[in-house]
Structure formats: structure tokens, C-alpha cells
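Asker: Following this message is one structure expressed as C-alpha cells.
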Amino acid sequence: MYDKVKLDYTYDGLEPYIDAKTVEIHYTKHLQTYVNNLNNLLKGYEDFTDGKTLEQILRYPKKIPCKIRTGVINQGGGVSNHNFYFTILSPNAKIKPEGKLLDNINKCFGSFDELKEEVSRVTIAQFGSGYGWLVINRKGKLEIVSTQNQDTPISIGMVPLLTIDVWEHAYYLKYKNLRADYVKNIWNLIDWSKIEKIYYKSMGNRL
Ligand SMILES: [Fe+2]
């Protein structure tokens with residue numbers, strides 16, 4: 001059984017950038033539905049899931065039993081992506097990285113502001129529902145990507161560092177059609193102290 005992540009903030013904790021109603025519905029309805037659908041799908045497949053994290057399953061989509069593969073990619077992606085999204089947001093976010101992560105951002109993208117601009121551009125440009133991401137790619141380099149629907153870059157060997165959910169349910173109540181305003185404001189909530197931890201753990205002695 002897989003579950004949604006526990007929020008370490010209240011529904012109104014992300015105000016004024018993301019309104020309480022959106023967080024509540026997103027977390028208790030949208031994410032919960034993915035959790036329920038995933039667990040229903042996996043009933044009878046305990047031998048396959050045994051001991052595996054959801055991310056370990058999504059890492060190798062071809063190993064998912066073919067009868068449930070598409071469902072697990074969609075519903076499991078919905079759980080994993082949302083859990084990650086809610087985890088890297090914080091009411092008291094550290095809004096800029098430092099140390100080697102910042103050095104590498106400067107090296108790859110010019111500056112932190114340029115990274116933010118590029119992530120925003122790619123995320124806003126995502127056609128339809130999906131996510132924008134900063135990831136560590138398979139070569140250990142920082143890369144910006146977007147994904148459709150509930151696809152996750154984990155499935156192509158990448159390590160997510162941050163994500164921005166641009167399904168309309170993530171912003172429509174407050175921002176209506178103004179996706180760009182939501183993306184602009186979410187930088188106030190993206191917590192680089194959490195991202196730094198993931199980065200250093202993933203990079204290990206490659207730094
Ligand atoms: Fe979402």
C-alpha cells in the first residue's frame with residue numbers, strides 16, 4: 001500500500017501564493033484519488049511490489065506487469081509526483097540555494113535568476129497538463145525538463161530536484177488562466193534547503 005506524504009504545513013500555510021482551498025482539494029481529493037487508484041490496481045501484485053518504494057517501481061517501467069503498466073505509470077506517477085511537489089514546498093522556504101549546488105547552477109545556467117527564468121519558461125510552456133522539473137540527469141548534470149500528464153523523469157533515470165505542477169487543479173481557483181503568475185509566485189515556496197539535501201545525497205562523491 002502506498003500513501004500520500006504527510007504535509008508539514010497546514011492547508012493555509014502556503015498563502016498568499018497558493019490558497020488554502022487549492023491545497024486542501026489538491027491534497028485530499030486529487031492526490032488521494034491517485035493513491036486509491038494505485039492501491040486498487042496493485043491488489044494481487046504483492047509479489048511484484050514487495051519491499052519496493054513507488055519510485056523504485058517507476059524507475060523501471062518495463063518491469064511493471066504489462067496488464068497494469070499504463071495504470072501504474074499514470075496513477076503511481078500521480079502519487080509520486082504530488083508527494084514530491086508537496087514535499088519541496090514550504091511556508092518558510094529557503095528561497096535560494098548555496099554552496100556547491102549554487103556553484104553548479106551558476107556554471108550550467110549562468111546564475112540562479114537565469115535558472116529560475118528557464119525553469120519558469122519550460123514549465124509555463126508545457127502544453128496541457130504536466131510538470132516542469134529541475135533534475136540531475138544520467139550524466140550527473142543539472143537539467144530542466146517538462147513532462148506530460150503524470151509521467152515522471154524518474155522513469156528515464158533522472159533524479160528530481162524540484163517540480164512545479166501545472167495541471168490546472170494546482171492553480172485554477174486562485175489564478176484562473178494565469179499559469180505564469182502561479183509559476184512566478186511559487187518560487188516563494190520552493191524550499192532549497194530540501195532540494196540541497198536531495199542534491200548532495202544523490203551526487204555523493206561525484207561532487
Ligand atoms: Fe496536481
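Asker: So how many residues does the stretch 17-32 have that are free of Cβ contacts under 8 Å to residues at least 12 places away in the same chain and either in a loop (DSSP other than H, G, I, E, B) or within 15 Å of the ligand (Cβ to nearest atom) (or both)?
Answerer: Taking the stretch 17-32 and keeping what is free of Cβ contacts under 8 Å to residues at least 12 places away in the same chain, we get 20, 28-29.
Filter once more, so that each one left must be either in a loop (DSSP other than H, G, I, E, B) or within 15 Å of the ligand (Cβ to nearest atom) (or both): 28-29.
So the answer is 2.
Asker: Please go through the stretch 105-128 and pick out each residue that is among the hydroxyl-bearing types (S, T, Y) and under 16 Å from the mean Cα position of the chain (by Cα).
Answerer: Within the stretch 105-128, S120, T123 qualify.
Asker: May I pose another question? Being part of a helix (DSSP H, G or I) and either buried (at least 20 other Cβ atoms within 10 Å of the Cβ) or more than 16 Å from the ligand (Cβ to nearest atom) (or both) is true for just one of K62, K96. Which residue is that? Spell out the reasoning first.
Answerer: Values: K96 fails: part of a helix (DSSP H, G or I).
When all the criteria are applied, what remains is K62.
Asker: Out of all the residues in the stretch 124-144, which are crowded, with 17+ Cβ neighbours inside 10 Å and in a strand (DSSP E or B)?
Answerer: Across the stretch 124-144, the qualifying residues are G130, Y131, G132, W133, L134, V135, I136, L142, I144.
Asker: Got a number for residues in the stretch 149-207 being among the hydroxyl-bearing types (S, T, Y) and farther than 26 Å from G13 by Cα? Reasoning before the result, please.
Answerer: First, the residues of the stretch 149-207 that are among the hydroxyl-bearing types (S, T, Y): 152, 155, 163, 171-172, 175, 182, 193, 199-200, 202.
From the residues that got through so far, the ones that are farther than 26 Å from G13 by Cα too are 152, 155, 200, 202.
Result for the stretch 149-207: 4.
Asker: Quick check on the stretch 145-158: of everything there that is assigned to a strand (DSSP E or B) and under 23 Å from V35 (Cβ atoms), which residue is most open to solvent (accessible area, probe 1.4 Å)? Working first, answer last.
Answerer: Going residue by residue through the stretch 145-158, those that are assigned to a strand (DSSP E or B) are 145-148.
Narrowing the set further to residues that are under 23 Å from V35 (Cβ atoms) leaves 147-148.
Numbers: T147: 18, Q148: 84 Å².
Looking at the filtered set, the residue picked out is Q148.
The values are calculated or read from the model by the stated rules, or taken from the named source; none is laboratory data. Since the structure is predicted, the reported quantities are computational estimates derived from the model, not experimental observations. For neighbour counting, all protein chains shown are included, and Cβ atoms are generated from backbone atoms with ideal geometry for every residue, glycine included. Calculation scope for accessible area: heavy atoms of the full protein, side chains included, ligands and nucleic acids excluded. Shrake-Rupley method; radii C 1.70, N 1.55, O 1.52, S 1.80 Å.
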